[in-house]
1. Choose one of Gln141, Gly105, Trp42: the residue whose Cα lies farthest towards the positive end of the charge dipole of the chain (beta-carbon charges +1 Lys, Arg; -1 Asp, Glu; about the Cα centre).
2. Could you tell me whether segment 98-147 comes out rounded, prolate or oblate from its Cα gyration tensor? Rule is a ≥ b ≥ c as square roots of the eigenvalues, rounded for a/c under 1.5, then prolate if a/b exceeds b/c, otherwise oblate.
3. Taking square-rooted eigenvalues a ≥ b ≥ c of the alpha carbon gyration tensor, is segment 108-242 rounded, prolate or oblate, where a/c under 1.5 means rounded and, failing that, a/b exceeding b/c means prolate?
4. Using the scaling law 2.2 N^0.38 Å as the reference, what is the normalised Cα Rg of the chain?
5. Per-residue accessible area for His26 at 1.4 Å probe radius, Å² rounded to 10?
6. For segment 1-141, just say rounded, prolate or oblate: build the C-alpha gyration tensor, square-root its eigenvalues into a ≥ b ≥ c, call rounded for a/c under 1.5, and beyond that prolate if a/b exceeds b/c, oblate if not.
7. Take Lys90, Lys124 and sort them by solvent-accessible surface of the protein heavy atoms, 1.4 Å probe, largest at the top.
8. ³J(HN,Hα) across segment 196-210 via Karplus (A = 6.51, B = -1.76, C = 1.60, θ = phi - 60°), whole Hz, x for Gly/Pro?
Amino acid sequence: MLKKIQEWRGKETSKSLSLKEEIMKHPIPEHIAIIMDGNGRWAKKRALPRVAGHHEGMKTVRKITKAANSLGVKVLTLYAFSTENWKRPKLEVDFLLKLPEEFLGTFLPELIEENVQVRLMGNKTDLPDHTLRAVEHAMDQTKENTGLVLNFALNYGGRDEILRAVKALADDVNENRISSDQLTEEIFSEYLFSNLLPDPDLLIRTSGEIRLSNFMLWQLAYAEFYFTDVLWPDFNENNLYEAINSFQLRGRRFGGI
Ligand code: FPP
């Protein structure tokens, strides 16, 4: 039996390695954004509390960050906590907002070693101090890094982001810092949390849900969408390669012919 499992594992490794080799022959998406969904269902299937699913999901964050970095992906944006997630039970909210601290407390040295740069996207003001401190410390420690940008969307909502941008822009117009006829899509983008980052080329959502849930509404205008039934805690390197492979098989025309 053990031999069988080892053989199967060996096969799986060589299968995922060959898929990795295959996708490396074609353009890799510069920016991958992920809606990490299915933690609760993963836990429920195992009769565990929901937070156990989030904790397992944190381990997937590490795995997928390493895999994306090794493929040469430039930006990986992860939807870790939405503006709607405050509606969850307090225990779950508290747990979710402690995860960045635990993740960075454990893996920051590894991220530094791998040349990863940490970034934050979302409304900072309502985040607990301990969450913000952990992320800002990591941002500071990794600001000179030139590898993958690991962009955490925390207390992030697409509509909230657009509304904030519009308000800031209206202030700048009122104060004559910019005139409304000078406004372009590029300038508007500078008012968003994602300022200076390229738009995502590929959006992945796990767990079989097929919706955007208020995620990067402006930035995903031309992205390819990839939905998989795999629950986030089960998502692995091979699943990432499959998503990229699917992306590479599609013809992106950006509205042209
Ligand atoms: C949605 O699954 C997932 C979240 C609301 C949180 C995602 C967070 C992580 C994966 C961990 C983040 C890690 C770091 C380092 C910040 P769900 O709870 O809605 O799942 P369900 O639909 O199955 O109930």
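The values are calculated or read from the model by the stated rules, or taken from the named source; none is laboratory data. Quantities reported herein were computed from a predicted structural model and do not represent experimental measurements. Cβ atoms come from the backbone with ideal geometry, glycine included; neighbour counts cover every protein chain shown. Accessible surface areas use protein heavy atoms only, side chains included; no ligands, DNA or RNA. Shrake-Rupley method; radii C 1.70, N 1.55, O 1.52, S 1.80 Å.
1. The residue sitting most towards the positive pole is Trp42.
2. Since a/c reaches 1.5 but b/c is at least a/b, the shape of segment 98-147 is classed as oblate.
3. Verdict is oblate for segment 108-242.
4. Output field value: 1.06.
5. My reading of the accessible area for His26 is about 80 Å².
6. oblate
7. Lys90, Lys124
8. Listing the rounded values in order: 6, 9, x, 5, x, 8, 9, 10, 10, 10, 8, 6, x, 7, 10 Hz.
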